[in-house]
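Colleague: Supplied in structure tokens, the structure appears directly below.
The values are calculated or read from the model by the stated rules, or taken from the named source; none is laboratory data. Remember, predicted model here, so these are calculated numbers, not experimental data. Here Cβ is always computed from backbone atoms with ideal geometry, including for glycine, and neighbour counts include all displayed protein chains. Side chains are part of the model used for accessible areas, which takes the heavy atoms of the whole protein and leaves out ligands, DNA and RNA. Shrake-Rupley method; radii C 1.70, N 1.55, O 1.52, S 1.80 Å.
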Amino acid sequence: MASVIGVPAKSSGVGGSNVLRVGKVFRAVVLGAVGLFFIVPVISSARFSFTGSSAGFSFSAYSKLLSDPQFWSTLFLSVKIGVGTVTLSLAILIPTTVWVHWKAPKIRRVMEALSLLPLVIPSVVITLGVITSFGSLPNIIMGTPVILALEYVVLALPYTYRTLDSGVQALDIKTLVEAGQSLGAPFRKILWWVLLPNLKSGVLGVVVLAFAFCLGEFAVASLLSFTTFAVYLVQIGQTQASEAIAFSLIALLFTWIPLSIVTVVFSRRAGKKSRRGGGVLMSSQSVTELVELSE
Amino acid sequence: MMEMESSKTVPAGVSVQGAKVQGVSVRLSKVTRTYGDVRALSELDLAASPGEFVVMLGPSGCGKTTALRALAGLEQIDSGAVYIGGKDVSRLPASKRSIGMVFQSYSLFPNMTSAANVEFGLKVRGFSSAERRKQAHEMLEMVGLIEQADRFPHQMSGGQQQRVALARALAIKPEVLLLDEPLSALDAKVRANLREQIKQLQREVGITTFFVTHDQEEALSLADRVAVMNNGNLEQFGTPTEVYSSPETDFVASFVGTVNVFYGTVLDDKVAIVPNVGNFTYVRRTGTPAPGDRAEILVRPEAITVKGDLEGEYLVSDVTFLGSNVRIRVQKEGSTFTIIQGSSDIDIVAPGSRASLDAKGSAILVRSKL
Ligand SMILES: Nc1ncnc2c1ncn2[C@@H]1O[C@H](COP(=O)(O)OP(=O)(O)O)[C@@H](O)[C@H]1O
Ligand SMILES: [Mg+2]
């Protein structure tokens, strides 16, 4: 679908425009409904976090949280795991997707199916598998958050692999690589100067999705007994309702603020490079990809 | 640091400053490449002289692209050798061979302007940005696209993109230029135009060039020599005139240009006769039937004239005006014959009328009746 963006839709005469209009209305209604479904709980929990069970308006839930050292330490842990997961995902996925499209386009379907496996197998099962089979690994991996990052790389695959794969799909990898080679460039220069700049939106998608996944994941972290941000949120929720709500709203902000910054910076840079059209195309592409994935 | 190291890959003897490249000889020697059961190249021998423009012509799937990619180092070969400038480069990867390549599909880097695309190979070789800009400017000027220097590929037409690709390939002053059907995605008018430009550029630069196409008109108009390929083999390697007028094999005779197959008799060493049409001169080769034998006589459309004749054996089925020429199709006993005649000829027949044919030139091939 990425390649379709930018191509003007063909309207098929008079009858077609009617169909288009109905389609537009329908789309607006659906988007509106979904939007309400998303925004109403957020607003009402925001209200709750400011009022709590007692009457009157207060910031007490927030000030309590922000002065809680464990809030910050668990956040820091989750960010660390997130950065690790993102880095590792990119390091594995970029070469893999490029290689598949360049040398073995026939196995694309197989790779895609493989990448979807974590959705089919419950994460609890995967985690138990990790514990039993890697239990003998040295403590530096098993006893530290490294194991969590490793597992998140796998669990986020259904989102990250597809995002990058569709970015690569939009390029004629084989021709681009071979053109680079014929001009004397070694592979690493082709990767840095040609492939990565053209995969910006796909890479951005992976960053956003993998990071958000790490901040929100609860089951695996708690099974492996790490008190991550999400685990701490649940712990608090068991005793202090309004703090827990405040916590989750902050978590939402913490996820979306950096991600919006990344998105804006990335698309701004793309826009500067290709003055006309290119930037818009780039950012709209990453947005559609994200929307598609979150559906 | 990274850039310095790769500047060593500029081959010795190729001046990047000089406008004209010293053409080098190129040779494929018994090159074989198989994909599973498919023999894409079967002991292919092909050699180009320094500065020569070689066009590889053949039907789709005959191995042209494979041959070109073997030359470029983009495709491994099972056996045989590739020589560029007398040096065996069979083991060198594409990035270490001194080649410039233009691909069939649009291959410009989408994230770079035309100028940056042209500069790419120079950047890889560690040229300073001032030097790169200067040379890219020259190259874009050469292909007539200096106004588009700051455009991105998606802002240019297909023809413009291929011209930038050509400038990019030539910017590194390669020893060999390889083009794989570079015009096939363009519309007819642009194609003819760009074809001329490529030919002219090649003459000016003097670079040994291999151009792949399945379009015989393109091949004949561009080539110093045409390599006609079929089934991974070289059928004939000769000047356009040789390939067109004296094809060495049945395949070449029928693939290059239009032929009419008449039945007749070999008269002597120089002449074959088609009853009621006339005498055609021909050149004997091994396998030509002996004088007195029945034979198939292959004749080009220009080597016959047609005239209206109420008692004629042929029925005019179609007359097409082609500008300076007229193409006439006639039929006899289920076979169709094609004649090309000048538009200014007085006696042009009408469809549906009867006509007779006259020999006016030579036959391209005389072979035993199958
Ligand atoms: N990568 C490949 N894998 C399998 N078969 C191939 C591959 N590349 C080419 N072939 C086969 O080799 C033959 C020659 O192909 P090619 O050189 O592309 O022909 P051309 O360029 O003349 O159309 C064809 O039969 C084609 O199917
Ligand atoms: Mg081909």
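Colleague: Quick one: count up the residues across the stretch B:63-82 that are farther than 18 Å from A:Leu183 by Cα, within 16 Å of ligand 2 (Cβ to nearest atom) and open to solvent by 30 Å² or more (accessible area, probe 1.4 Å).
Modeller: Here the count works out to 1.
Colleague: Please state which of the following conditions B:Gln200 fails to meet, knowing it meets all the rest: (1) within 15 Å of ligand 2 (Cβ to nearest atom); (2) closer than 23 Å to B:Val26 by Cα; (3) among the polar types (S, T, N, Q).
Modeller: Just one mismatch for B:Gln200, condition (1).
Colleague: Of the numbered conditions (1) free of Cβ contacts under 8 Å to residues at least 60 places away in the same chain; (2) more than 19 Å from A:Ala251 (Cβ to Cβ), A:Thr97 fails exactly one; give the number of that condition.
Modeller: A:Thr97 satisfies every listed condition except (1).
Colleague: Ok, one more. For the stretch A:179-194, what are the residues that are open to solvent by less than 10 Å² (accessible area, probe 1.4 Å) and part of a helix (DSSP H, G or I)?
Modeller: Hits for the stretch A:179-194 are A:Ala179, A:Gly180, A:Ser182, A:Lys189, A:Ile190, A:Val194.
Colleague: Given B:Glu242, B:Glu217, which one is assigned by TED's automatic domain parsing to the domain that holds B:Leu179, away from ligand 2 (no atom under 16 Å from the Cβ) and within 14 Å of B:Gly58 (Cα to Cα)?
Modeller: B:Glu217
Colleague: If A:Ser248 meets every condition in (1) touching a Pro at 6+ places or on another chain (Cβ under 8 Å); (2) surrounded by fewer than 21 Cβ atoms within 10 Å (Cβ to Cβ) apart from one, which number is that one?
Modeller: Failed condition: (1).
Colleague: Of all residues in the stretch B:331-359, count the ones that are surrounded by 15 or more Cβ atoms within 10 Å (Cβ to Cβ) and more than 17 Å from B:Glu313 (Cβ to Cβ).
Modeller: 3
Colleague: Still on this structure, please answer the following. Quickly run through the stretch B:110-163 and pick out the residues that are away from chain A (no Cβ under 14 Å), assigned to a loop (DSSP other than H, G, I, E, B) and open to solvent by 30 Å² or more (accessible area, probe 1.4 Å).
Modeller: Listed by number, the residues that qualify are B:Ser128, B:Gly144, B:Ser157.
Colleague: Could you look through the stretch A:196-233, keep only residues that are surrounded by 22 or more Cβ atoms within 10 Å (Cβ to Cβ) and polar (S, T, N, Q), and pick out the one that is nearest to the other protein chains (Cβ to nearest Cβ)?
Modeller: Among those that are surrounded by 22 or more Cβ atoms within 10 Å (Cβ to Cβ) and polar (S, T, N, Q), it is A:Ser201.
Colleague: A:Thr127: among the polar types (S, T, N, Q) and closer than 25 Å to A:Pro197 by Cα, yes or no?
Modeller: It is false that A:Thr127 is among the polar types (S, T, N, Q) and closer than 25 Å to A:Pro197 by Cα.
Colleague: Return the only residue of B:Thr320, B:Thr338 being free of Cβ contacts under 8 Å to residues at least 60 places away in the same chain and among the β-branched types (Val, Ile, Thr).
Modeller: B:Thr320
Colleague: Further question: List the residue pairs whose Cβ atoms are under 8 Å apart, where the first residue sits in the stretch A:183-195 and is at the interface with chain B (Cβ under 7 Å from one of its Cβ atoms), the second is charged (D, E, K, R), and the two are 6 or more positions apart or on different chains.
Modeller: From the stretch A:183-195, the pairs are A:Leu183/B:Arg168; A:Gly184/B:Lys96; A:Gly184/B:Arg125.
Colleague: Something else: If B:Val55 satisfies every condition in (1) modelled with pLDDT under 95; (2) away from every other protein chain (no Cβ under 14 Å) but one, which is the exception?
Modeller: Checking B:Val55 against (1) modelled with pLDDT under 95; (2) away from every other protein chain (no Cβ under 14 Å), the one that fails is (1).
Colleague: Could you list, in sequence order, the residues of the stretch B:127-181 that are within 16 Å of ligand 1 (Cβ to nearest atom) and touching a Gly at 6+ places or on another chain (Cβ under 8 Å)? So that I can check it myself, show each step before the final result.
Modeller: From the stretch B:127-181, those within 16 Å of ligand 1 (Cβ to nearest atom) are B:178-181; that's our starting set.
Of everything in the stretch B:127-181, just one residue is within 16 Å of ligand 1 (Cβ to nearest atom) and touching a Gly at 6+ places or on another chain (Cβ under 8 Å), namely B:Leu178.
Colleague: Also: Filtering the stretch B:205-222 down to residues that are within 16 Å of ligand 1 (Cβ to nearest atom) and crowded, with 23+ Cβ neighbours inside 10 Å, which residue is farthest from the other protein chains (Cβ to nearest Cβ)?
Modeller: B:Ala219
Colleague: Which residues, taken from the stretch B:177-204, are buried (at least 20 other Cβ atoms within 10 Å of the Cβ) and farther than 18 Å from B:Gln160 by Cβ?
Modeller: B:Leu177, B:Leu178, B:Asp180, B:Gln202
Colleague: If B:Ala40 meets every condition in (1) at pLDDT below 95; (2) within 14 Å of chain A (Cβ to nearest Cβ); (3) not in a loop (DSSP other than H, G, I, E, B) apart from one, which number is that one?
Modeller: Among (1) at pLDDT below 95; (2) within 14 Å of chain A (Cβ to nearest Cβ); (3) not in a loop (DSSP other than H, G, I, E, B), B:Ala40 violates only (2).
Colleague: If you don't mind, another one. With respect to B:Gln76, determine if the residue is polar (S, T, N, Q) and either away from every other protein chain (no Cβ under 13 Å) or within 22 Å of the chain's Cα centre (by Cα) (or both).
Modeller: The answer is no for B:Gln76.
Colleague: I've got another one for you. Can you list residue pairs whose Cβ atoms sit under 7 Å apart, with the first residue in the stretch B:64-76 being in the same structural domain as B:Asp180 (by TED's automatic domain parsing) and the second being assigned to a helix (DSSP H, G or I) and within 8 Å of ligand 1 (Cβ to nearest atom)? Count only pairs 6 or more apart in sequence or on different chains.
Modeller: B:Glu75/B:Thr66; B:Glu75/B:Arg69
Colleague: Continuing with this model, one more query. Inspect all residues belonging to the stretch B:83-93 and state whether any of them is open to solvent by 50 Å² or more (accessible area, probe 1.4 Å) and within 14 Å of another protein chain (Cβ to nearest Cβ).
Modeller: Yes; the residues of the stretch B:83-93 include at least one that is open to solvent by 50 Å² or more (accessible area, probe 1.4 Å) and within 14 Å of another protein chain (Cβ to nearest Cβ).
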